[in-house]
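Working notes for the structure below.
The values are calculated or read from the model by the stated rules, or taken from the named source; none is laboratory data. What you are looking at is a predicted structure, and each value in this text was computed from that prediction instead of being measured. Cβ coordinates were reconstructed from backbone atoms using ideal geometry, including for glycine residues, and neighbour counts include every protein chain displayed. Just the protein is used for accessible areas: all its heavy atoms, side chains included, with ligands, DNA and RNA removed. Shrake-Rupley method; radii C 1.70, N 1.55, O 1.52, S 1.80 Å.
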Amino acid sequence: MKQTSKIINQALKEGRHALLEPEAKMVCSEYGITVTKFKVAHSDAEAAACATEIGFPVVLKIVSPDVIHKSDAGGVVVNLKTPEDVKAAYNRILNNVKNYKADAKIVGILVQEMAPSSTETIVGAIKDPQFGPTVMFGLGGIFVEVLKDVNFRVAPINADDAKEMITQLKAYPLLKGFRNTPPADIEALSSVLLNVSRLVMENPEIKELDLNPVLAYQVGTKTVDARIILE
């Protein structure tokens, strides 16, 4: 996986321990994890052109090594429906970030598709000092934050491990389809877990990985946000 090695080496060379979101998404894509369509823009006109190419509605997010919590900095604007909205949001984000951290290095602004809403899941990996790379799966939102309903397995995992991580959640009935919620594509979720396992096994520089949310559809999945921390 040449691109992934290149991205990781470049970040470390620059003294960065966190990949930028577009870098993290490129790594995911190379490992067969479906991410939202995205482009990085460097002017408001370019952002509007990217949005038109991707298709509305879109989300804009700041890309900066100095801004980890983008929302706190006013660095995220969602549900933009016209090129004019995108241009205005682009300039608003730049102003917000400059007010938040005047010397922040700004690489550009990420323009990404606004994925249709669906059941939110979270996929993660962490390098445990005792067990090494460990993969995590849970339902997003309240299930992770309040109920701590997550499953862990030491990597590498196989197809059976991935299935168990999903089906042994207390909230699994929600993934099977509950009331007016359609069933999630369990095979596609298993495939995300297997690909994350392979990614962390093949790239020992990765200390933490956080895909949140991974939207689970009736067919397929889509990773909306990706974070990768290096050692």
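Here are some notes:
- Boolean, LYS87 is of a type in the set (Lys, Arg), out of contact with any Cys (no Cβ under 9 Å at 6 or more places or on another chain), in a helix (DSSP H, G or I) and surrounded by 15 or more Cβ atoms within 10 Å (Cβ to Cβ): yes
- Residue that is open to solvent by 20 Å² or more (accessible area, probe 1.4 Å), out of contact with any Pro (no Cβ under 6 Å at 6 or more places or on another chain), on the phi < 0 side of the Ramachandran plot and aliphatic (A, V, I, L, M), where the choices are VAL97, VAL107, VAL123, VAL67: VAL107
- Yes/no for ALA49 being open to solvent by less than 70 Å² (accessible area, probe 1.4 Å), over 18 Å from the mean Cα position of the chain (by Cα), modelled with pLDDT of 95 or more and not hydroxyl-bearing (Ser, Thr, Tyr): yes
- Any hit, segment 205-216, residues being in a loop (DSSP other than H, G, I, E, B) and touching a residue at least 24 places away in the same chain (Cβ under 8 Å): yes
Table: residues versus (1) in a loop (DSSP other than H, G, I, E, B); (2) open to solvent by 50 Å² or more (accessible area, probe 1.4 Å).
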site: GLN3; (1), (2): no, yes
site: LYS6; (1), (2): no, yes
site: ASN9; (1), (2): no, yes
site: ARG16; (1), (2): yes, no
site: ALA24; (1), (2): no, no
site: CYS28; (1), (2): no, no
site: ILE33; (1), (2): yes, no
site: VAL40; (1), (2): no, no
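- Consider segment 189-231 and keep the residues that are under 16 Å from THR134 (Cα atoms), in contact with a Pro (Cβ under 9 Å, 6 or more places away or on another chain) and of a type in the set (Val, Ile, Thr). The one that is surrounded by the most Cβ atoms within 10 Å (Cβ to Cβ) is VAL200.
- Residues satisfying the stated conditions in segment 138-160, i.e. outside any strand (DSSP E or B), at pLDDT 95 or above and open to solvent by less than 40 Å² (accessible area, probe 1.4 Å): ALA155, ILE157
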